[in-house]
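First up is the structure itself, then whatever we jot down about it.
The values are calculated or read from the model by the stated rules, or taken from the named source; none is laboratory data. Computed from a predicted model, the values in this text were never measured in an experiment. Heads up, the Cβs are rebuilt from the backbone with ideal geometry, glycines too, and the neighbour counts pull from every protein chain shown.
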Amino acid sequence: MLVAPSLLAADFGNLEREMQWFNRSRADMLHLDVMDGVFVPNISFGFPVLKHVARLCRKPLDVHLMIVDPQKFIPQVAGLNARYMNVHYEAVTHHHRVFQQIREAGMKPAVTLCPSTPVRMLEDILCDVDMVLLMSVNPGFGGQKFIPHTLKKVEALRRLIQETGSQAIIEVDGGVNGQTGRQLAEAGADVLVAGSYVFGAENPEAMIDELKSLT
């Protein structure tokens, strides 16, 4: 199992310290939630913070844009040397074009679905992305409870990936812990995003190890 802790739950007053243990850990990626207060009812952090984090982080960046018109920021995200640029299906009009632009900028395109968006909406674009992120909470705030229906969505997405021949991996974000992580692994998830479960723990590296052990 791949694990991508979410910076949203980190202690921003001690960001360098947080990045020190994170770089030592077995985490696979750092998940960065960018919120604009328009697409979601909250604001997180902007590119000055992201640039600072990118300098401190020694692992790949998974940039999740919960914003309107995310395609406007392709150059800025590429400037972070991000591995994935993750845009919401609900925030993009011309999906093929945006995914192509992301790939041309040197990143892997990824698409995110809100809890109420069915996976069948991805049928015609699934082969154009490298990753699909299923939100297992309503986007905008950390610390929410896991939506159980997500398990069925993961199973449905796994079937759709097989039917279309897509190489996309499945990422899940929201309410991930040891219990829900195991359920998601059994349903077919490839990547777990965990915020407070990791950054809020007394031993965050042990929580990462626990999630990575799930199969």
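Could you check region 55-87 and list, in sequence order, the residues that are part of a strand (DSSP E or B) and either modelled with pLDDT under 95 or of a type in the set (A, V, I, L, M) (or both)? Let's see the steps before the verdict.
Residues of region 55-87 that are part of a strand (DSSP E or B), as a first pass: 61-66, 84-87.
Scanning region 55-87 gives L61, V63, L65, M66, M85, V87.
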Can you tell me which of (1) surrounded by fewer than 16 Cβ atoms within 10 Å (Cβ to Cβ); (2) on the phi > 0 side of the Ramachandran plot; (3) modelled with pLDDT under 95 is the one G175 doesn't meet?
(1)
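Scan region 160-169 for residues that are closer than 23 Å to Y84 by Cα and out of contact with any strand residue (DSSP E or B) (no Cβ under 6 Å at 6 or more places or on another chain) and jot them down. Break it down stepwise before answering.
Looking only at region 160-169, we keep the residues that are closer than 23 Å to Y84 by Cα, and these are 160-162, 164-169.
Within region 160-169, L160, I161, Q162, T164, G165, S166, Q167 meet the criteria.
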Within the group V40, V3, V53, V68, which residue is at negative phi and without any contact (Cβ under 8 Å) to a residue 40 or more places away in the chain?
V68
Kindly check whether there is at least one residue in region 12-30 that is part of a strand (DSSP E or B) and touching a strand residue (DSSP E or B) at 6+ places or on another chain (Cβ under 9 Å).
yes
What are the residues in region 39-59 that are more than 16 Å from L8 (Cα to Cα) and within 17 Å of the chain's Cα centre (by Cα), if any?
F39, K59
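Per-residue answers, yes or no, for (1) in contact with a helix residue (DSSP H, G or I) (Cβ under 6 Å, 6 or more places away or on another chain); (2) over 25 Å from V38 (Cβ atoms):
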site: A78; (1), (2): no, no
site: A82; (1), (2): no, no
site: E90; (1), (2): no, no
site: A105; (1), (2): yes, no
site: R120; (1), (2): no, yes
site: I125; (1), (2): yes, no
site: I147; (1), (2): no, no
site: I161; (1), (2): no, yes
site: T164; (1), (2): yes, yes
Are any of the residues in region 47-54 more than 19 Å from K108 (Cα to Cα) and surrounded by 15 or more Cβ atoms within 10 Å (Cβ to Cβ)?
yes
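On the basis of being surrounded by 22 or more Cβ atoms within 10 Å (Cβ to Cβ), in contact (Cβ under 8 Å) with a residue 60 or more places away in the chain, over 28 Å from D209 (Cβ atoms) and of a type in the set (A, V, I, L, M), does M35 make the cut?
Numbers: surrounded by 22 or more Cβ atoms within 10 Å (Cβ to Cβ): no; in contact (Cβ under 8 Å) with a residue 60 or more places away in the chain: yes; over 28 Å from D209 (Cβ atoms): yes; of a type in the set (A, V, I, L, M): yes.
Here the answer is no, as M35 does not meet what is asked.
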Tally, over region 111-146, of residues that are modelled with pLDDT under 95 and of a type in the set (A, V, I, L, M)
1
